[in-house]
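Heads up: the structure comes next, in structure tokens.
Just so it is clear, none of the values below were taken in a lab; they were calculated from the coordinates. What you are looking at is a predicted structure, and each value in this text was computed from that prediction instead of being measured. Neighbour counts are summed over all protein chains in view; Cβ atoms, including those assigned to glycine, are modelled from backbone coordinates with ideal geometry.
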Amino acid sequence: DKANYRHFMAKEIHEQPEVVGHTLARYVDMATERIALPVKLPFDFKDIQRISIVACGTASYAGYVGKYWIERFGRLPVELDVASEFRYREAPLRKGDLAIFISQSGETADTLAALRYAKAEGVHTLSVVNVATSTIARESETVLQTLAGPEIGVASTKAFTCQLMVLAAIAVAAGKARGELSDADENRLVKGLVEIPRLMAAALSTEPQIEKLAREIAKHKDVVYLGRGTSYPLALEGALKLKEISYIHAEGYAAGELKHGPIALIDENMPVVVIAPHDKVFEKTVSNMQEVAARGGNIILMTDARGAAEATVDSLVTIVLPDMASAFTPMVYAVPVQLLAYHTAVVMGTDVDQPRNLAKSVTVE
Ligand code: M6R
């Protein structure tokens, strides 16, 4: 049931600190501050030359973040595909390599077909699924479950952040196995993961501010989302979430791509949501924001206290998230991104949990 929430989506957004915490507890050993995958992997990350990550929709954006983490911590090349492309382009796969499939339902037709293709090609298959009894779970060599619990809202929220938690654990495990991360690195990263549920709970406190902002966004026909690094897939996710439930047209771009075309859209009517934690690429994103500001765009900046102090740009609204030392910002920044879509849809009066034309699980291609 919806407990005291108006929609399942609201309940599921608010559940995230708890369910991401459950997922964390399944993948790390809190006492030793090490990654402890619940199953023994039938391969060694040292022997893997390339990983293919395959998924659809929101799960593919989780995969995109996972790619950045696995490449960074494991120094292991990762290719990301949406399942509908992967299954038909007959991607050449090397026997003994690894393909990771991400799916909340575990029943998505294209993802399942991609899994079957990968198995036939002789690669190891690992699925990150929420429904443990699903077809994708049953047919995968290894299953790493997300412990999000049943997700009812058609717009995926808690499954996404739980997928990110599992992918973070995979990335650190890969880095460790490949000798790219020391024990101390692993401890530091695990400490960063352990902080996440608390930081997500803190991020939920931006809700009143976002509710107000949503009334403004609801007046617009188009919204642009920008991000760099792991905030780029989150920009894609933010745009998808807004489109699916509020029916407002939105586009997500890598901030650096702005000047290669989308900047032509920017005028004094265009809201631009900039996702920019104070990380390694923050300065670069600030210069993209300046380009938007110079054309009168209305900047909605999602950053931390440091970022807010250092961003030399006038924003319409700045949403301040907790300061974070770790690279795991997408789990925390997902919260305001989801809340913005949710409250905008509520203002628009759409059917938030059952948006038009959409099904929770896409079992036909
Ligand atoms: O069940 P799956 O994770 O395989 O579903 C994948 C997509 O259909 C799903 O994420 C879809 O994009 C959601 N409606 C996003 O909110």
From the list Thr303, Thr312, Thr318, exactly one residue is away from the ligand (no atom under 16 Å from the Cβ), closer than 18 Å to Ile217 by Cα and not aliphatic (A, V, I, L, M). Which is it? Thr318
Of the residues that sit in region 279-308 and are small (Gly, Ala, Ser) and assigned to a helix (DSSP H, G or I), which one is farthest from Ile266 (Cα to Cα)? Ala305
Answer yes or no: is there a residue in region 183-201 that is part of a loop (DSSP other than H, G, I, E, B) and surrounded by fewer than 16 Cβ atoms within 10 Å (Cβ to Cβ). no
Criterion first (hydroxyl-bearing (Ser, Thr, Tyr) and closer than 21 Å to Ala148 by Cα) does Thr108 satisfy it? yes
In this structure, is Val337 in contact with a helix residue (DSSP H, G or I) (Cβ under 7 Å, 6 or more places away or on another chain), closer than 17 Å to Gly238 by Cα, in a helix (DSSP H, G or I) and of a type in the set (A, V, I, L, M)? yes
Take the residues of region 87-114 that are hydrophobic (A, V, I, L, M, F, W, C) and surrounded by fewer than 21 Cβ atoms within 10 Å (Cβ to Cβ): which is nearest to the ligand (Cβ to nearest atom)? Ala109
Identify all residues within region 337-365 that are surrounded by fewer than 24 Cβ atoms within 10 Å (Cβ to Cβ), touching a residue at least 12 places away in the same chain (Cβ under 8 Å) and more than 12 Å from the ligand (Cβ to nearest atom); write none if there are none. His343, Val346, Val347, Met348, Thr350, Arg356
Tell me which residues, restricted to region 230-249, are hydroxyl-bearing (Ser, Thr, Tyr) and either within 11 Å of the ligand (Cβ to nearest atom) or assigned to a helix (DSSP H, G or I) (or both). Ser231, Tyr232, Ser246
Of everything in region 128-161, what is farther than 18 Å from Ala3 by Cα, within 18 Å of the chain's Cα centre (by Cα) and either among the polar types (S, T, N, Q) or surrounded by fewer than 24 Cβ atoms within 10 Å (Cβ to Cβ) (or both)? Give them in sequence order. Asn130, Gln145, Thr146, Leu147, Ser156, Thr161
Taking the condition under 21 Å from Thr58 (Cβ atoms) and touching a helix residue (DSSP H, G or I) at 6+ places or on another chain (Cβ under 8 Å), does Ser140 pass? yes
The number of residues in region 53-75 that are away from the ligand (no atom under 16 Å from the Cβ) and crowded, with 20+ Cβ neighbours inside 10 Å is 6
Is at least one residue of region 238-250 of a type in the set (Asp, Glu), within 24 Å of Ile53 (Cα to Cα) and buried (at least 22 other Cβ atoms within 10 Å of the Cβ)? yes
Scanning region 309-334 for residues that are over 25 Å from His260 (Cα atoms), part of a loop (DSSP other than H, G, I, E, B) and of a type in the set (Ser, Thr, Tyr) gives Ser326
